[in-house]
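Only one structure is covered here, and it is reproduced in the block below.
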Amino acid sequence: MTHDSIRSISLSTLTLPLEAPISDAKVFTGRQKPMTEVVFLIAEITTEQGHEGLGFSYSKRAGGPAQYAHAREVAQEAIGEDPNDIAKLYTKLLWAGASVGRSGVATQALAAIDIALWDLKAKRANLPLAKLLGAHRDSVRTYNTSGGFLHASIEEIQERATRSLAEGIGGIKIKVGLPDSREDLRRVAAVREHLGADVPFMVDANQQWDRATALRMGRALGEFDLVWIEEPLDAYDAAGHADLTRRLDTPIATGEMLASVNEHVQLIEQRACDIIQPDAPRVGGITNFLRLATLADHAGLDLAPHFAMEIHLHLAAAYSREPWVEHFDWLNPLFNERLETRDGRMLIPNRPGLGVTLSDQARAWTTDSVTLQ
């Protein structure tokens with residue numbers, strides 16, 4: 001194989017409008033406003049031999065312009081480099097922006113480029129990314145979250161759950177964390193009754209309980225046979241999560257808000273969860289996600305990556321323990337392709353790479369772009 005090098009990197013930012021404002025517990029506790037849009041950073045890489053890769057990162061409520069600005073500053077360092085050397089390139093770009101650290105916006109900006117490099121590598125090999133990584137399975141258990149937000153009535157959640165199950169999605173997650181815990185329990189009981197005993201069911205408190213409330217609610221929720229309780233405490237309270245993990249029979253899941261491998265290491269070392277929920281765009285891309293997954297697997301943790309199913313389906317398929325993937329249809333307008341769900345599982349597409357291409361609608365929503373050569 002002749003040597004190849006990166007000829008250009010095109011970066012763009014676009015704003016995806018949501019059909020209706022979204023509210024979870026952070027809204028009801030007054031910490032955030034309802035979410036009306038998601039801002040994406042898109043990276044498109046082309047090599048001298050004509051190979052192409054697509055990657056993306058995202059931000060909810062704030063941070064999108066910062067991701068785009070940081071990527072524009074450092075991406076030039078990858079021009080002319082061998083696209084095969086993904087770990088080397090990640091380190092080079094990280095050092096180019098070292099003054100702003102190794103988490104948060106810094107890693108999220110690099111994630112789009114890193115994911116595009118992995119997409120490119122898998123396409124060049126004519127393999128789905130999961131197969132390039134070494135898949136353990138051709139499909140992954142999937143659950144729906146987008147129908148279970150707190151702004152929706154119980155009847156709306158039940159209707160959406162029925163529709164999701166009919167569409168081949170296997171589990172249902174709803175939001176909790178209201179100021180009135182009794183209302184949380186009422187909603188959970190109503191949805192469990194609607195689903196029946198056999199449907200996998202999860203709840204997500206979005207970090208809004210203190211330790212005493214989390215323990216009390218965790219015990220009260222025990223009767224509903226939940227797959228997990230998600231983010232019962234502040235995302236950075238590893239000690240508190242560890243205590244809950246020891247004291248509750250219901251598994252604890254957390255990790256989606258952490259923005260580096262090192263932050264997840266605290267969860268792993270303290271055994272602060274049963275299910276770890278990293279987000280590849282938040283932790284710096286696929287390179288860092290794979291590092292984290294190795295540590296989590298060694299510690300015996302289950303895996304349920306957060307959001308971005310177009311990326312996480314492939315990464316979950318390559319995890320040795322049977323994982324879950326979160327089904328969100330919010331991103332559908334951005335891509336020409338759709339992921340298939342059947343019998344409670346999401347199927348790995350047979351298309352090379354991530355298996356997605358940007359739609360005309362995504363181009364139309366683009367608010368700024370630049371091509372580096």
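The values are calculated or read from the model by the stated rules, or taken from the named source; none is laboratory data. Predicted model only: the values in this text are computed from it and were never measured. Reconstructed Cβ throughout: ideal geometry from the backbone, glycine too, with neighbour counts over all protein chains shown.
Figures for the structure shown
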quantity: Residue that is modelled with the highest pLDDT, among those in region 24-58 that are more than 20 Å from ALA112 (Cβ to Cβ) and assigned to a strand (DSSP E or B); calculated: THR36
quantity: Criterion (in contact with a Lys or Arg (Cβ under 8 Å, 6 or more places away or on another chain) and on the phi < 0 side of the Ramachandran plot) met by exactly one of THR245, THR250; calculated: THR245
quantity: Entirely in region 278-339, the helices (runs of 4 or more DSSP H) that have 2 or more residues that are surrounded by fewer than 20 Cβ atoms within 10 Å (Cβ to Cβ); calculated: 286-298
quantity: Test result for GLY97, under 23 Å from GLU256 (Cα atoms), among the small types (Gly, Ala, Ser) and not assigned by TED's automatic domain parsing to the domain that holds GLU231; calculated: no
quantity: For MET217: the one exception among (1) under 20 Å from ASP302 (Cβ atoms); (2) in contact (Cβ under 8 Å) with a residue 40 or more places away in the chain; calculated: (1)
quantity: Residue in region 313-324 that is over 26 Å from GLY148 (Cβ atoms) and assigned by TED's automatic domain parsing to the domain that holds GLY170 present; calculated: yes
quantity: Residue within region 57-80 that is of a type in the set (Asp, Glu), surrounded by fewer than 21 Cβ atoms within 10 Å (Cβ to Cβ) and either outside the structural domain of ILE174 (by TED's automatic domain parsing) or under 22 Å from ALA362 (Cβ atoms) (or both) present; calculated: yes
quantity: Residue within region 316-330 that is modelled with pLDDT of 95 or more, within 18 Å of the chain's Cα centre (by Cα) and of a type in the set (Val, Ile, Thr) present; calculated: yes
quantity: Residue satisfying condition, being under 25 Å from ILE6 (Cβ atoms) and touching a Lys or Arg at 6+ places or on another chain (Cβ under 8 Å), within set VAL356, VAL370; calculated: VAL370
